[in-house]
Every structure is written in structure tokens, then in C-alpha cells.
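Asker: Quick one: the structure is below, questions incoming.
The values are calculated or read from the model by the stated rules, or taken from the named source; none is laboratory data. Because the structure is a prediction, the values reported are computed rather than measured. Don't worry about glycine lacking a Cβ; one is built from the backbone with ideal geometry, like all the others, and counts go over all protein chains shown. In case anyone asks, the SASA skips ligands and DNA or RNA and just uses the protein heavy atoms, side chains included. Shrake-Rupley method; radii C 1.70, N 1.55, O 1.52, S 1.80 Å.
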Amino acid sequence: MLDNQALPAQMPLRPPSVVMRLRRMGASFPTRLSFLRTLLRRLSAEKAEVSRPVWVMDAAGFGHAVYSVALGGHDYSLVAVSNDLPSDQRTDRVIAQAWDTAYVLYDGVPTPDEVARIVEDAPKQEAARFTERDLVLSRANKSVRLFAHVVEALKTGQQPDAKLVRDTGYLMRTTAVYGNGKFGIADRSVISGRPGLNGPFMAEMLTVWLIRGFTHDLVEHVGGAKLAPQLKRHLGIGNSTGLGMAPFLVSHPMLLNAWVRARETALARVRAIETLSPQQIETLYGLTIRAAQHLAEWQVVDEIGQARIDRMRQEWPQVAAVMEPKLMTGRRPLERLWQIGGTFSTDTQELLAAMLIEPFGALVDDLVDEMATDRVPCLDPSMTGASLRALIARDWDWAMCDYEAADACHQFWYVSEAKAEPRLGVRHEEEGADQESPLDIARQVCCLAADIKPTETVAELLARKPQHRAAVRRVQALANAPYGEIRDNLIGRDCLPVDMLRCKLAFFGAAKFDPKSDRWTRITLCQGAPLAEGLDDADDWWLPTFAP
């Protein structure tokens, strides 16, 4: 974190009333502050080396392996287990009970006995129990078509079809990456103070990157030959993500505030740059071309998603046309470009924001230190009702509506009894609304507003109406965490959970969002990321493009 005396100049931050709407959150792109980018810069700076002390794999690729790496003065190991999975058991749904591969990120280098324990238990996933030495639990299924194609190509001494590699982008896709105490694995507090893993989701990102390396090794082992480096680098890790991830952003408002504020501060800093060097201008031109190629390679089946991509493809050349030498060599060129960019669609604006941040690591990378927080919402019982009303009037006008109207309370969130995972129901068509999860934040605050007496304290209000305790805490917390609240009605007909998913996944570093409905999406992680043997090139893979 920079000393307060040395803080760089910045333009005003975008207001939460703009940034925290679901439609804009659902247009998020990865940036250099995304967690995968942060992790790989750290690994590169430490000149980390990945070893493979265990490789017990038969000719068909079934067995187990161990990968070890040192980070921040600690050793971590990925134990990977590959199984022979019948095709009729392969599904990406959370209700699956068997997977092609299973993984544990282990704290240290496991002994043979510990490896044996993990090899036995990891394939069981939720049905097993784990220890505090187990930091992350994951599983993944093959992209069967591409995996088989790569194997067959390598066996014949050929490289796989470049177009198929480009269009799929991964050999396997994870269906869960569990951390933070689930099923007996270590709580985040065990590693939260460790260099390298102290940022948000760093252990999970390390797991995903190591899994990606394992998928490369596995297909080469079965195929009996090496993949071309450029093809290998393009092969990331797929992921299928559904409603289970969506409530996280609601349940962790202080963390969401930290993430978004860091990104918005980065954008505000680069917009304030007075002049650009010729090299910086050249870099921005190169990134503009890369973004255009990325858009050209990004194809999805979802009609709404493809329409948004098509519009970006149409608008991006107009953005590039604005970046003429006269503008780029003038005063505050990025602010001028940003203001012109405001005339384009929400998706194009967010792509431009991510690109503007990208070349200026020296100016913005310190912000990653502020993206983890131990702040929690606290309740102030001494606040007056008048002050509470003022906060609601200032920050929550978007939440005030008639929640008896069918469209305003169309959906309800609940937790599946069978899988203990979040689900979304239609209130007037499905049973279960009596078991509703409290994600109806806007409705709670609206009900609170109607019961406030200006002259009483919060303590007196809650003695009279204790059901408002959570809403009061939420309102008070938002006063000091302006980016902590999604400013939309999460039980309304228009709420699309996929927007919440994309926001969080973009902070992870995901790209190539491929929505399958308004409730789940496929993505690619680590595509274009450096390989274990190429960590010296760890900081130039924003929006990776395919180079056969």
C-alpha cells in the first residue's frame, strides 16, 4: 500500500449507483487486479518452480500425481487423482457423485501415507472428510471430445487441430473448487496471514493453475508426445458455475466493496494520467488490437450473450478510431477517451475500463493489498432514527417499491435440502417460499424504512421491531462501504443471477463467458496464462488470443 503522502492523482470514482447495478456487473471483464493475475505475478517474482515428485499413472491415464511449489516461504502440493469414469456417470451438475479427476491442495509436501489417504478420499468429495492440512478440494471432468482428439493426434505424431483447441480452450472443466473450511478442510484463518495466499481466493487460484498443468501432463502422457507450447498455453481450465456462487456477493458486502473499490480506484488513477509515453501509447494500441481479436474468437450459443458480443464487435473499431495520435499525445488522453467511451454500450464501456487499467501496473498494483478485508458489518444501536432515515434516503432510493406487486417479489432464494446448495424458485408457481433465504435485501430495507421513528434510537427501534436488525446493520454498513451492495432487487422478475456470477468470476480472472441460461455459465480460467516452465512471462495475458 502506498504511503498517504505518495498517493497518485486520480479522477473521481464512478458512483455506486452506476457501478453496482446488475446489468453492469454482468458486463465485467478480468483486469490485472484479478486474483489469478495477482497470484502468477507473485509466483514469477519469487521465481517459483513446480516439481512433480509423484507420478503413478497407467497407460490410459488413470492413477495419481503430486505437484509441489514453494510460495511465500511455504510449500504447497496438489494431489491429483484420475479415475476411469463411465460415460453415463459424467455430468457437470453439482448432484454428480463421480468425476474424471479429483484434487486436494495440501499444506506442505505430503508423506506417502498422506498421499494414500487423499487418493482414497478425494474422489468421494463431499462424501469424505478431510483435515486441516487439506486447503482446497476440487474435481473436474474431461472435455471428452477435445481430450480424445488431442490424445489421438499425439499418438500419430501430429499436433491437434488448432481450430478445435481454440474453440474449446480447455482439456477439463472443474465443477467445484471448495475452500474455507468445507468438509473439514482448513479454514481461511489458517492461511490468511501467509505471504502469497493472503489475498482473496489465492489458494483456490493456485489449485486451478496447478490442475491446468496436470491436464497438460496427463494428455501428453496418454498421447505419448508433447503438445506444442503455443497450443498448451492456450489450453486453460474450464469451469461450470451456477447459483451456488451467486449469494456470496450478497453475504460478503465488505469484501465485495474492497474488490470493486480497488478496481474503481485503479480506473480513476489511470484516467488522471497527464501524458502518455510513446511506449505506453504503443502498448495501448496493441491491447486494442488484442481485444478485437478476443471478441472475434468469442462465440456463444446463448442469443442474448451473442448479441452483446456482436455489439461490442461493432463498437470496438469506433473506440479504436477515437485513439488517434492527436488525442493520445494530448493532455489527459485516457480521461478524454473514457468520456467518449461513455457513449457506447455498457459492455464496451467495461471492456474499455479493463483495457485502460492493464498497462499501468506500477500505478495500480499496490491496490491488490486492499482487496482482502477482515471488516464485518457492525450495528450502531445509538444512531437516531432520523440519521438512519437519512442514510436510506441517500443510499437506498433504488430499493423503494411495492414488494406486494407480483413482478417485485417474483422469485425467492432457498437452499436445497438434498445438496445444501442455493436455488431460485418462482414464488407464485413453486413451493418453498416459506423456507426463503434472506437475500431480499432491498425488500428488507424498504420494510425497515416504513417503521422508523425519527426521534427514537436504533436500540429502541429494534426493541420494538426486532425483525429489522439485519436490515439496520446493512444500511449502516453501506454508509462506509458504498460498493458493498448490489443495487437491484434480487427477488424481482428482472434479476438475472448470471450477472452476479460473471462479476465474481471476472475478479477471479475468468474469460470467455459462455452463459447456458440466466442461472449458470461456463468460463475459462488460466487461458493464455504462463506455464510452470514459463513463469518469467507472467504479466501479459489479459484477454488471451489464439496464436497457432
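Asker: Hey, Arg194 hits all of (1) charged (D, E, K, R); (2) more than 23 Å from Trp541 (Cβ to Cβ); (3) open to solvent by less than 20 Å² (accessible area, probe 1.4 Å) but one; which does it fall short on?
Answerer: Exception for Arg194: condition (3).
Asker: Now a separate question. Would you mention how many residues in the range 98-115 are among the aliphatic types (A, V, I, L, M) and either over 22 Å from Ala70 (Cα atoms) or assigned to a strand (DSSP E or B) (or both)?
Answerer: Our first condition is that a residue be among the aliphatic types (A, V, I, L, M); within the range 98-115, this holds for 98, 102, 104-105, 109, 115.
If we keep only those that are either over 22 Å from Ala70 (Cα atoms) or assigned to a strand (DSSP E or B) (or both) as well, we get 98, 102, 104-105.
Of the residues in that region, 4 qualify.
Asker: Picking from Val104, Val136, Val115, Val177, which residue would you name as being surrounded by 21 or more Cβ atoms within 10 Å (Cβ to Cβ) and out of contact with any Asp or Glu (no Cβ under 9 Å at 6 or more places or on another chain)? Let's see the steps before the verdict.
Answerer: Numbers: Val104 fails: out of contact with any Asp or Glu (no Cβ under 9 Å at 6 or more places or on another chain); Val136 fails: out of contact with any Asp or Glu (no Cβ under 9 Å at 6 or more places or on another chain); Val177 fails: out of contact with any Asp or Glu (no Cβ under 9 Å at 6 or more places or on another chain).
When all the criteria are applied, what remains is Val115.
Asker: Within the range 18-53, work out how many residues are open to solvent by 40 Å² or more (accessible area, probe 1.4 Å) and at negative phi. Break it down stepwise before answering.
Answerer: Filtering the range 18-53 down to residues open to solvent by 40 Å² or more (accessible area, probe 1.4 Å) leaves 18, 21, 23, 41-42, 45-47, 49-53.
Okay, now just the ones that are also at negative phi, so 18, 21, 23, 41-42, 45-46, 49-53.
So the answer is 12.
Asker: Considering only the range 214-239, state which residues are surrounded by fewer than 20 Cβ atoms within 10 Å (Cβ to Cβ) and either of a type in the set (Gly, Ala, Ser) or under 27 Å from Arg375 (Cα atoms) (or both).
Answerer: Of everything in the range 214-239, those that are surrounded by fewer than 20 Cβ atoms within 10 Å (Cβ to Cβ) and either of a type in the set (Gly, Ala, Ser) or under 27 Å from Arg375 (Cα atoms) (or both) turn out to be Gly224, Ala225, Ala228.
Asker: Determine whether Pro30 is modelled with pLDDT under 95 and assigned to a loop (DSSP other than H, G, I, E, B).
Answerer: Values: modelled with pLDDT under 95: no; assigned to a loop (DSSP other than H, G, I, E, B): yes.
In short, no.
Asker: So, of the residues in the range 141-157 that are open to solvent by 60 Å² or more (accessible area, probe 1.4 Å) and among the β-branched types (Val, Ile, Thr), which turns out to be nearest to Thr215 (Cα to Cα)?
Answerer: Of everything passing the filter in the range 141-157, Val144 is nearest to Thr215 (Cα to Cα).
Asker: Determine, yes or no, whether Val445 is hydrophobic (A, V, I, L, M, F, W, C), open to solvent by 60 Å² or more (accessible area, probe 1.4 Å), closer than 22 Å to Gly492 by Cα and in contact with a Lys or Arg (Cβ under 8 Å, 6 or more places away or on another chain). If you could, list the steps in order and put the result at the bottom.
Answerer: Working: hydrophobic (A, V, I, L, M, F, W, C): yes; open to solvent by 60 Å² or more (accessible area, probe 1.4 Å): no; closer than 22 Å to Gly492 by Cα: yes; in contact with a Lys or Arg (Cβ under 8 Å, 6 or more places away or on another chain): yes.
No: the conditions fail for Val445.
Asker: Considering the range 194-225 alone, what residues qualify as being among the hydroxyl-bearing types (Ser, Thr, Tyr) and under 16 Å from the mean Cα position of the chain (by Cα)?
Answerer: Matches in the range 194-225: Thr207 only.
Asker: Being open to solvent by 20 Å² or more (accessible area, probe 1.4 Å) and either assigned to a loop (DSSP other than H, G, I, E, B) or under 19 Å from Met20 (Cα atoms) (or both) is the filter here, so list the residues in the range 503-540 that pass it.
Answerer: Going residue by residue through the range 503-540, those that are open to solvent by 20 Å² or more (accessible area, probe 1.4 Å) are 512, 514-520, 522, 531-533, 536-537, 539-540.
Lys516, Ser517, Asp518, Arg519, Trp520, Leu531, Asp536, Asp537, Asp539, Asp540, listed by residue number.
Asker: Now, a different point. For the range 270-282, what are the residues that are in contact with a Ser or Thr (Cβ under 9 Å, 6 or more places away or on another chain), touching a residue at least 12 places away in the same chain (Cβ under 8 Å) and either outside any loop (DSSP other than H, G, I, E, B) or of a type in the set (Val, Ile, Thr) (or both)?
Answerer: Listed by number, the residues that qualify are Thr275, Ile281.
Asker: Among the strands (runs of 3 or more DSSP E) lying completely within the range 129-245, list those that include at least 2 residues that are of a type in the set (Val, Ile, Thr). Explain how you work it out, then say what you get.
Answerer: Details: elements: 134-142, 170-178, 236-241.
In the range 129-245, 170-178, 236-241 are the strands (runs of 3 or more DSSP E) which contain 2 or more residues that are of a type in the set (Val, Ile, Thr).
Asker: Something else about it: Residue under question is Ala479, and the condition is that it be of a type in the set (A, V, I, L, M) and closer than 21 Å to Met20 by Cβ; does it hold? Lay out the reasoning, then the answer.
Answerer: Details: of a type in the set (A, V, I, L, M): yes; closer than 21 Å to Met20 by Cβ: yes.
It is true that Ala479 is of a type in the set (A, V, I, L, M) and closer than 21 Å to Met20 by Cβ.
Asker: Residue pairs, Cβ under 6 Å, 6 or more apart or interchain, first in the range 470-484 and under 15 Å from His252 (Cβ atoms), second assigned to a loop (DSSP other than H, G, I, E, B) and open to solvent by 20 Å² or more (accessible area, probe 1.4 Å). List them.
Answerer: Arg473/Pro377; Arg473/Leu379; Ala477/Pro377
Asker: Additional query: Look through the range 396-405, keep the residues that are in a loop (DSSP other than H, G, I, E, B) and without any contact (Cβ under 8 Å) to a residue 24 or more places away in the chain, and return whichever of them is surrounded by the fewest Cβ atoms within 10 Å (Cβ to Cβ). Write out each step before concluding.
Answerer: Here is the first cut: in the range 396-405, the residues in a loop (DSSP other than H, G, I, E, B) are 396, 400-405.
So of that shortlist, the ones also without any contact (Cβ under 8 Å) to a residue 24 or more places away in the chain come out as 402, 404-405.
Numbers: Asp402: 9, Glu404: 7, Ala405: 11.
Only one residue tops the list, namely Glu404.
Asker: Taking the options Val66, Val56, name whichever one is assigned to a strand (DSSP E or B) and either touching a Cys at 6+ places or on another chain (Cβ under 9 Å) or free of Cβ contacts under 8 Å to residues at least 24 places away in the same chain (or both).
Answerer: Working: Val66 fails: either touching a Cys at 6+ places or on another chain (Cβ under 9 Å) or free of Cβ contacts under 8 Å to residues at least 24 places away in the same chain (or both).
The match here is Val56.
Asker: Hey, does the range 357-375 have a residue that's of a type in the set (A, V, I, L, M), without any contact (Cβ under 8 Å) to a residue 12 or more places away in the chain and not in a helix (DSSP H, G or I)?
Answerer: Just the residues of the range 357-375 that are of a type in the set (A, V, I, L, M), to begin with: 357, 362-364, 367-368, 371-372.
Now narrow it down to the ones that are without any contact (Cβ under 8 Å) to a residue 12 or more places away in the chain: 362.
Still in the list and also not in a helix (DSSP H, G or I): none.
Taking every residue of the range 357-375 in turn, none turns out to be of a type in the set (A, V, I, L, M), without any contact (Cβ under 8 Å) to a residue 12 or more places away in the chain and not in a helix (DSSP H, G or I).
Asker: Follow-up. Step by step: first the residues of the range 362-381, then only those that are β-branched (Val, Ile, Thr) and open to solvent by less than 40 Å² (accessible area, probe 1.4 Å), then the one that is farthest from Ile273 (Cα to Cα). Which residue is that? Give the steps one after another, and end with the answer.
Answerer: Restricting attention to the range 362-381, the residues satisfying the condition of being β-branched (Val, Ile, Thr) are 364, 368, 373, 376.
Adding the requirement that they be open to solvent by less than 40 Å² (accessible area, probe 1.4 Å) leaves 364, 368.
Details: Val364: 12, Val368: 20 Å.
Residue satisfying both the conditions and the ranking: Val368.
Asker: Scan the range 411-442 for residues that are outside any strand (DSSP E or B), of a type outside the set (Gly, Ala, Ser) and open to solvent by less than 30 Å² (accessible area, probe 1.4 Å) and report the count. Full working, then the answer.
Answerer: Within the range 411-442, the first condition is being outside any strand (DSSP E or B), and the residues that meet it are 416-421, 427-442.
When the remaining residues are screened for being of a type outside the set (Gly, Ala, Ser), the result is 417, 419, 421, 427-431, 434-436, 438-441.
Subsequent filtering for residues that are open to solvent by less than 30 Å² (accessible area, probe 1.4 Å) retains 421, 439-441.
Residues meeting the conditions: 4.
Asker: Also: Are there any pairs with C-beta distances below 7 angstrom linking a residue in the range 135-164 that is of a type in the set (Phe, Trp, Tyr) and at pLDDT 95 or above to a residue that is in a strand (DSSP E or B) and open to solvent by less than 60 Å² (accessible area, probe 1.4 Å), with the two at least 6 apart or on different chains, and if so which?
Answerer: Once the first residue is of a type in the set (Phe, Trp, Tyr) and at pLDDT 95 or above and sits in the range 135-164, its partners that are in a strand (DSSP E or B) and open to solvent by less than 60 Å² (accessible area, probe 1.4 Å) give Phe147/Leu171.
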